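Visitor: Got a structure here, written out as structure tokens. Questions coming.
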Amino acid sequence: MTTRTTNSNTGGRHFVLAPNIAPNWGQTVRIYLALSAGVLGVALVCTFMGFWPVLPFAGIEVTALGIALYVSARRSLDREIISVEDGRVLVEKGRGKVEHVWELDQAWTEVIHRQLPRRWEETELVLRSRGREVKLGSFLEPEERRSLARELRRCIGPMARC
């Protein structure tokens, strides 16, 4: 997980949340090509030696690896940006670009960090304001969520000291 907190000139704070999952896309492709070349090379040698059933299984293995690396690389593009300034809380979520935006009133927003029922040490971080809830940091570890909740409570709510 990557969290970046900045104080802007206007006195607000910005939290950028991103999962720490995979290298960039170029590195992922190079890793995939290198592993695929090795697996398929060994499979071709086995095929020429008469062990032809090895080739289809190697193809399945390379395909499964490609799908897994693609999904991992896509998830690494997830971002959640929380901006607290000018009496409002702006939450932007998306993958590669902003897909969802919520605007909440800073004084009337409550930061809730709760234990999930029937889940061992699993927590949930929620911003609640006027009947709306926005879940944050689903990809964070419980300790990271707890730390983020502490920081957000300093900036959000009627007694905030941002």
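Visitor: Within the accessible area of the range 94-162, what % is carbon and sulfur when the probe is 1.4 Å and the other protein chains stay in place? If you can, show how the numbers build up before the last one.
Guide: Working: 2240 of 4680 Å².
Whole-percent figure for carbon plus sulfur exposure: 48.
Visitor: Continuing with the same structure: Given the whole protein assembly as supplied and a 1.4 Å probe, what does the accessible area of I67 come to in Å², nearest 10?
Guide: About 100 Å², ignoring ligands and nucleic acids.
Visitor: With each pseudo-label sitting 7 Å past Cα toward Cβ, what's the R153-W102 distance in nm, one decimal?
Guide: Using points 7 Å along Cα→Cβ, the separation is 1.9 nm.
Visitor: Would you mind calculating the gained length between E110 and R88 on full extension (0.36 nm times residue separation, minus the Cα-Cα distance), in nm to one decimal? Write out the running numbers ahead of the final one.
Guide: Numbers: separation 22, 0.36 × 22 = 7.92 nm, distance 1.23 nm.
Contour length minus the Cα-Cα distance gives 6.7 nm.
Visitor: Quick one: accessible area per residue over the range 28-162, 1.4 Å probe, rounded to a whole number of Å²? The partial results should precede the final answer.
Guide: Details: 8750 Å² over 135 residues.
That works out to 65 Å² for each residue.
Visitor: Sticking with this one: Given a Förster distance of 35 Å, report the FRET efficiency between R30 and R128 from their Cβ-Cβ distance, rounded to the nearest 0.05. Don't skip to the answer; put the middle values down first.
Guide: On the way: r = 44 Å, r/R0 = 1.26.
Given R0 = 35 Å and the Cβ-Cβ separation, E is 0.20.
Visitor: List residues of the range 59-76, by number, whose backbone nitrogen lies under 18 Å from a label position 7 Å along Cα→C-beta of L44.
Guide: 59-63
Visitor: Can you tell me how much longer the chain between D78 and I60 gets when fully stretched, taken as 0.36 nm per residue apart minus their C-alpha distance, in nm with one decimal?
Guide: Details: separation 18, 0.36 × 18 = 6.48 nm, distance 2.83 nm.
My answer for the length gained is 3.7 nm.
The values are calculated or read from the model by the stated rules, or taken from the named source; none is laboratory data. Keep in mind it's a predicted model, so treat the numbers as computed, not measured. As a convention, Cβ positions derive from the backbone with ideal geometry for all residues, glycine included, and neighbour counts pool all protein chains shown. Ligands, DNA and RNA are stripped out before the accessible areas are found, and what is left, the full protein with its side chains, is counted by its heavy atoms. Shrake-Rupley method; radii C 1.70, N 1.55, O 1.52, S 1.80 Å.
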